[in-house]
Amino acid sequence: MTRKRILTMMLSLLMLTQAFPALTLAEATQAPAATEQAAPEATEATTEETTTETAEKTAESPAEAAEAPAYDNPFLKMEILDMNEQPFDVSQLAGKPLMLNFWASWCGPCVMEMPDLNELSEEYKDKMLIVGVMSSAANFTQDGGIAVDQKELEGARALYESKGITYPSLIPNDLMLAIMYQIPVQSIPTTLFIDENGYLIHSVIGSRDKASWASLMDQVLAVIEENPTPQPGGQPTDNPGA
């Protein structure tokens, strides 16, 4: 991959994060859980800061958001491998909101919440897909390629097996790495809620217990239902999340 391709991807993601306002879910984010830094030099953001930024973005009305330019959902076009280094079928992302959980095998809060996320992935499978992204499993190289950390992959696979986790986790590709830099993902776990058209709806820093995640997921689904985003071609969805 060339640096030009990376820059193009990041510009596309800038559109993803700004074309539709992130929506505040204050009740679900009042009590931040413990987080771990994704890199030693990264400054850990707080849930309070995230909520403040989100509130500022909601100054636009839903009508103004619906007029935002449509774009092709990048998640439905990406080529990405799962933790077993097998191609992940992105067609299963079509028509449903996505809960994208960035984690690492060495992150205590990430590991602690995985059994709860595993149960929720089954309970919400008809409403929302939960997908993990192994944030430490790959990174850009100086020439614009992607280097995979096999040791991290082995640790993640062992963790999945020992805990009986079944929801998929992905090795970061160019899109996922660009998301991590663009958002940016500075602490893990970080979780993004993305609607069925590929628009970022909400982000959460830190882990949660099952009840808190279920409450937040329900609120996100309600927000998506009440504030449809444009489909490719410029038309809002008639029944988001269906």
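The values are calculated or read from the model by the stated rules, or taken from the named source; none is laboratory data. Being a predicted model, the structure only gives us computed values, none of them experimental. All Cβ positions, glycine included, derive from the backbone under ideal geometry; neighbour counts span all protein chains shown.
Brief remarks on what is shown
- Filter pass, ASP143 being out of contact with any strand residue (DSSP E or B) (no Cβ under 7 Å at 6 or more places or on another chain) and either free of Cβ contacts under 8 Å to residues at least 12 places away in the same chain or of a type in the set (A, V, I, L, M, F, W, C) (or both): yes
- Residue within region 59-67 that is surrounded by 13 or more Cβ atoms within 10 Å (Cβ to Cβ) and either at pLDDT 90 or above or among the hydroxyl-bearing types (Ser, Thr, Tyr) (or both) present: no
- The set of residues in region 121-166 being assigned to a loop (DSSP other than H, G, I, E, B) and not small (Gly, Ala, Ser) consists of TYR124, LYS125, ASP126, LYS127, MET128, THR141, GLN142, ASP143, ASP149, ILE165, THR166.
- Total residues in region 178-228 satisfying the condition of being under 15 Å from MET128 (Cα atoms), assigned to a helix (DSSP H, G or I) and among the small types (Gly, Ala, Ser): the figure is 3.
- Each residue in region 70-127 was checked for being within 20 Å of MET180 (Cβ to Cβ), touching a residue at least 24 places away in the same chain (Cβ under 8 Å) and charged (D, E, K, R), and 4 of them qualify.
- Lone unmet requirement of (1) assigned to a helix (DSSP H, G or I); (2) in contact with a Phe, Trp or Tyr (Cβ under 7 Å, 6 or more places away or on another chain); (3) under 11 Å from TYR167 (Cβ atoms) for MET99: (1)
- Taking the listed residues ALA211, ALA147, ALA158, the one that is modelled with pLDDT of 90 or more, exposed (fewer than 14 other Cβ atoms within 10 Å of the Cβ) and over 30 Å from ASN84 (Cβ atoms) is ALA211, with no other qualifying.
Listed here are the residues, each with its yes/no results for (1) in contact with a Pro (Cβ under 8 Å, 6 or more places away or on another chain); (2) at pLDDT 95 or above; (3) closer than 15 Å to SER187 by Cα.
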| residue | (1), (2), (3) |
| --- | --- |
| LEU98 | no, yes, no |
| CYS107 | yes, yes, yes |
| VAL111 | no, yes, yes |
| LEU117 | no, yes, no |
| ILE130 | no, yes, no |
| MET134 | yes, yes, yes |
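- Residue match in region 181-196 (condition: of a type in the set (Asp, Glu) and surrounded by 22 or more Cβ atoms within 10 Å (Cβ to Cβ)): yes
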